[in-house]
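Trainee: Okay, handing you the structure first.
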Amino acid sequence: MLPFILIISIILIITLLLKIKTFTTTFHWFELLCITIFCVAICSWSFNLYHSAYESLTVKAKYIEFFTTYVHFVIMYPLFLVFVLRAIKKKRSIKIISLYSFSWLIGYLFLLELDIFLGAFIIKHGQLLPLTIVTILNVFSLLTSIFFMKKFGNLLKKEGHING
């Protein structure tokens with residue numbers, strides 16, 4: 001089942017990358033590239049932190065399980081975070097931004113539970129602690145990404161690379 005999920009995830013990543021290419025109407029191409037790299041980096045840091053630092057949530061040592069979780073949480077999910085940042089950049093209503101953000105957080109937990117169900121993650125000592133840690137790190141990733149997007153956009157405007 002995991003190889004099938006992995007293939008579907010890779011197809012979804014390709015679709016997301018093609019969709020993100022169209023975001024250049026909202027973002028300058030360099031801004032979009034840097035924000036995407038930042039989202040991947042911060043989500044990668046969070047993933048590596050909670051799967052290696054806490055014994056209550058670990059990834060199985062087998063290659064297919066590790067690669068599947070890596071694709072999900074280090075590549076695919078940060079790309080979904082760019083969609084949330086696009087809604088903020090386009091100055092959507094607070095309801096829409098909240099809906100996107102909440103969907104991103106809930107989707108992350110759903111994907112984590114799916115990987116737990118499929119056996120890619122090993123949970124010790126109950127699920128409450130890992131889910132709490134993951135949620136806190138995801139809120140941190142979301143807020144840090146928003147902060148970076150705002151500061152980086154302002155820097156590019158100040159340097160004259162994008163129009164304000």
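Trainee: Which of (1) out of contact with any Phe, Trp or Tyr (no Cβ under 6 Å at 6 or more places or on another chain); (2) surrounded by 15 or more Cβ atoms within 10 Å (Cβ to Cβ); (3) without any contact (Cβ under 8 Å) to a residue 24 or more places away in the chain does Ile88 not meet, given it meets every other one?
Mentor: For Ile88, the failing item is (3).
Trainee: Quick check, is Leu156 more than 18 Å from Leu57 (Cα to Cα), part of a helix (DSSP H, G or I) and modelled with pLDDT under 90?
Mentor: Spelling it out, Leu156 is indeed more than 18 Å from Leu57 (Cα to Cα), part of a helix (DSSP H, G or I) and modelled with pLDDT under 90.
Trainee: I've got another one for you. If I ask for residues that are more than 23 Å from Leu49 (Cβ to Cβ) and within 11 Å of the chain's Cα centre (by Cα), which ones from region 76-96 would you list?
Mentor: Correct list: Phe83 only.
Trainee: Sticking with this one: Among the numbered criteria (1) surrounded by fewer than 19 Cβ atoms within 10 Å (Cβ to Cβ); (2) touching a residue at least 24 places away in the same chain (Cβ under 8 Å), which single criterion is violated by Thr69?
Mentor: Of the numbered conditions (1) surrounded by fewer than 19 Cβ atoms within 10 Å (Cβ to Cβ); (2) touching a residue at least 24 places away in the same chain (Cβ under 8 Å), the odd one out for Thr69 is (1).
Trainee: Starting from residues that are crowded, with 16+ Cβ neighbours inside 10 Å and in contact with a Pro (Cβ under 8 Å, 6 or more places away or on another chain), keep the ones in region 45-62 and report whichever is nearest to Leu17 (Cα to Cα).
Mentor: Tyr50
Trainee: List the number of the failed condition for Ile42; all other conditions in (1) outside any loop (DSSP other than H, G, I, E, B); (2) surrounded by fewer than 16 Cβ atoms within 10 Å (Cβ to Cβ) hold.
Mentor: (2)
Trainee: Here is a list: Ile35, Ile13, Ile20, Ile8. Which entry is β-branched (Val, Ile, Thr) and without any contact (Cβ under 8 Å) to a residue 24 or more places away in the chain?
Mentor: Result: Ile8 is the single residue among Ile35, Ile13, Ile20, Ile8 that is β-branched (Val, Ile, Thr) and without any contact (Cβ under 8 Å) to a residue 24 or more places away in the chain.
Trainee: What's the number of the only condition in (1) touching a helix residue (DSSP H, G or I) at 6+ places or on another chain (Cβ under 9 Å); (2) of a type outside the set (Lys, Arg); (3) in contact (Cβ under 8 Å) with a residue 12 or more places away in the chain that Gly126 fails to meet?
Mentor: Only one criterion in (1) touching a helix residue (DSSP H, G or I) at 6+ places or on another chain (Cβ under 9 Å); (2) of a type outside the set (Lys, Arg); (3) in contact (Cβ under 8 Å) with a residue 12 or more places away in the chain is unmet by Gly126, namely (1).
Trainee: Moving on. In this structure, is Leu112 within 24 Å of Ile14 (Cβ to Cβ) and either surrounded by 15 or more Cβ atoms within 10 Å (Cβ to Cβ) or at pLDDT 85 or above (or both)?
Mentor: Yes.
Trainee: Go through region 51-75 and give me each residue that's over 25 Å from Lys89 (Cα atoms), within 14 Å of the chain's Cα centre (by Cα) and not polar (S, T, N, Q).
Mentor: Matches in region 51-75: Tyr70, Val71.
The values are calculated or read from the model by the stated rules, or taken from the named source; none is laboratory data. On a predicted model such as this, the values are computed, not experimentally measured, just so you know. Please note: Cβ atoms are built from the backbone with ideal geometry, for glycine as well, and neighbour counts cover all protein chains shown.
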